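Take a look at the structure set out below.
The values are calculated or read from the model by the stated rules, or taken from the named source; none is laboratory data. This is a predicted model, so every value here is computed, not measured. Glycine also receives a Cβ, built like all others from the backbone with ideal geometry; neighbour counts cover every protein chain displayed.
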Ligand SMILES: [Zn+2]
């Protein structure tokens with residue numbers, strides 16, 4: 001046997017393993033197995049497969065039935081074998097992984113059919129769980145990578161460090177979205193990306209969702225920030241906006257998927273999401289800290305006696321409308337939205353419009369269902385800038401930028417922070433210096449605020465565990481203060497007065 005054939009034996013074996021994995025976890029029909037294997041062979045001109053070595057069709061239970069089926073190890077084996085056999089260069093590995101997992105994945109229509117079957121039998125949530133497991137198994141959702149991200153609770157918030165996501169400091173880019181001028185598809189979240197090779201979206205699969213009678217679709221995020229994180233996207237490439245219909249859309253979604261939350265970024269640059277050019281919502285299968293936040297005041301609404309409005313005990317400015325009645329939720333939420341969009345208070349630096357008359361106040365709504373009925377949280381956001389804060393008065397202030405400079409979007413405003421991956425190394429340097437009893441190293445000199453607070457908290461202790469705990473506490477504390485920066489009302493009295501002016505009565 002020559003070296004080249006021996007190398008190909010490994011390639012064939014790794015492809016066999018992937019085909020068997022797809023039969024167990026991706027709904028690949030046994031009748032399509034040879035055909036699919038041949039489609040993979042065709043990519044590389046492979047024609048010396050030993051049929052007698054074909055593994056017998058497996059009737060073992062789906063890997064996913066126990067928990068998640070991860071394709072990562074099989075893909076790694078295939079890439080290593082293919083590179084060793086000279087089929088492609090190591091750096092082409094991710095593209096070939098996308099191509100092959102795309103070939104092994106079901107068509108969008110077959111996945112939609114399976115989803116509907118699952119939903120009819122076991123309900124919307126079970127169907128979503130099935131779909132999520134599918135997107136992990138076909139390698140669209142990089143769950144094995146995500147599970148490696150540091151994540152901890154601190155100061156009532158969840159802090160994560162995202163090792164996979166590039167940092168996004170440039171606000172102007174966010175305003176333009178990830179749009180491609182005149183390109184196809186028009187932006188990174190358009191439905192036409194499903195299976196699109198140009199963006200390595202061959203494994204992307206989506207599920208149609210009807211919101212307010214309009215056609216939308218759901219897809220999971222490849223690098224989600226939390227459990228079953230995904231986006232719900234308008235089939236039309238139309239700009240982000242929050243209006244009266246948005247509340248009904250969010251309720252339609254949680255009615256069908258009652259274990260999920262769905263929310264919407266403020267449709268303004270600097271304080272919103274990274275794609276403003278295409279209307280979309282964010283949600284997923286985990287309640288975020290704000291959903292669970294306590295309240296310190298409660299109001300009744302004269303016209304809607306079945307609704308209450310609560311003020312959240314939360315570093316940002318947020319209220320929660322609670323009712324079992326959809327109509328009341330929509331009406332009361334919209335009343336609050338309209339009032340906030342017009343609210344001005346020069347003494348508090350709140351200007352609803354800039355000097356050119358452009359709107360700069362918006363709410364970020366987020367809906368869940370609990371035993372109390374619907375709960376619609378409304379986060380008050382404002383996009384104003386000043387000479388002192390050219391990046392935004394209600395944006396993370398510059399002293400916190402070493403930790404976080406990116407816009408605070410919907411997910412973070414609800415208390416789940418996604419900090420940049422560079423922090424792992426930077427905080428490591430800081431922890432080492434603290435343990436050695438040294439001064440703040442030059443390479444991380446921008447962390448002087450955090451350093452001073454850490455040395456004060458540690459009070460001379462050089463214990464590794466104590467240092468690590470202090471650093472986590474410091475990160476949570478900074479994130480809490482960043483949310484405080486985003487609060488448009490800095491005192492309880494301001495929030496209370498705003499609701500009282502709407503004719504609501506404090507209970
Ligand atoms: Zn688009």
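So here's what we get for this one:
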read-out	value
Odd one out for residue 276, checked against (1) surrounded by 16 or more Cβ atoms within 10 Å (Cβ to Cβ); (2) away from the ligand (no atom under 16 Å from the Cβ)	(2)
Test for residue 327: is it over 30 Å from residue 423 (Cα atoms) and either assigned to a helix (DSSP H, G or I) or modelled with pLDDT of 95 or more (or both)	yes
Those residues of the range 12-47 which are under 35 Å from the mean Cα position of the chain (by Cα) and part of a loop (DSSP other than H, G, I, E, B), in sequence order	26, 27, 28, 29
In the range 162-181, residue modelled with the lowest pLDDT [restricted to those that are within 16 Å of the ligand (Cβ to nearest atom) and in a loop (DSSP other than H, G, I, E, B)]	177
Close pairs (6 angstrom Cβ cut-off, 6 or more residues apart or separate chains): within 17 Å of residue 43 (Cβ to Cβ) in the range 62-90, modelled with pLDDT of 95 or more and surrounded by fewer than 14 Cβ atoms within 10 Å (Cβ to Cβ) anywhere	83/90
Elements of type helices (runs of 4 or more DSSP H) contained in the range 77-161, each with 1 or more residues being at pLDDT 95 or above	93-104, 108-122, 124-137
Residue satisfying all of: in the range 70-90; within 14 Å of residue 142 (Cβ to Cβ) and surrounded by 14 or more Cβ atoms within 10 Å (Cβ to Cβ); farthest from the chain's Cα centre (by Cα) among these	75
Matching entry among 402, 407 (being surrounded by 22 or more Cβ atoms within 10 Å (Cβ to Cβ), outside any strand (DSSP E or B) and within 26 Å of the chain's Cα centre (by Cα))	407
Residues of the range 215-232 that turn out to be in contact with a helix residue (DSSP H, G or I) (Cβ under 7 Å, 6 or more places away or on another chain) and either assigned to a loop (DSSP other than H, G, I, E, B) or more than 13 Å from the ligand (Cβ to nearest atom) (or both), as a count	6
Members of the range 468-499 found to be touching a residue at least 12 places away in the same chain (Cβ under 8 Å), in a helix (DSSP H, G or I) and more than 21 Å from residue 404 (Cβ to Cβ), listed by number	492, 494, 495, 496, 498, 499
Contacts under 7 angstrom Cβ, first residue in the range 261-272 being modelled with pLDDT under 85, partner assigned to a strand (DSSP E or B) and surrounded by 24 or more Cβ atoms within 10 Å (Cβ to Cβ), 6 or more apart	267/362; 271/381
Unmet requirement for residue 235, which otherwise passes all of (1) touching a helix residue (DSSP H, G or I) at 6+ places or on another chain (Cβ under 8 Å); (2) without any contact (Cβ under 8 Å) to a residue 60 or more places away in the chain; (3) within 19 Å of residue 337 (Cβ to Cβ)	(3)
Tally, over the range 330-360, of residues that are outside any loop (DSSP other than H, G, I, E, B) and out of contact with any helix residue (DSSP H, G or I) (no Cβ under 6 Å at 6 or more places or on another chain)	16
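Residues checked against (1) within 16 Å of the ligand (Cβ to nearest atom); (2) in the same structural domain as residue 381 (by the TED database); (3) at positive phi:
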| residue | (1), (2), (3) |
| --- | --- |
| 183 | yes, yes, no |
| 193 | yes, yes, no |
| 200 | no, yes, yes |
| 203 | no, yes, no |
| 248 | no, yes, no |
| 251 | no, yes, no |
| 262 | no, yes, no |
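Yes/no per residue for (1) in a loop (DSSP other than H, G, I, E, B); (2) over 30 Å from residue 346 (Cα atoms); (3) in contact with a strand residue (DSSP E or B) (Cβ under 9 Å, 6 or more places away or on another chain):
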{"residue": "368", "(1), (2), (3)": "no, yes, yes"}
{"residue": "376", "(1), (2), (3)": "no, no, yes"}
{"residue": "380", "(1), (2), (3)": "no, no, yes"}
{"residue": "428", "(1), (2), (3)": "no, yes, no"}
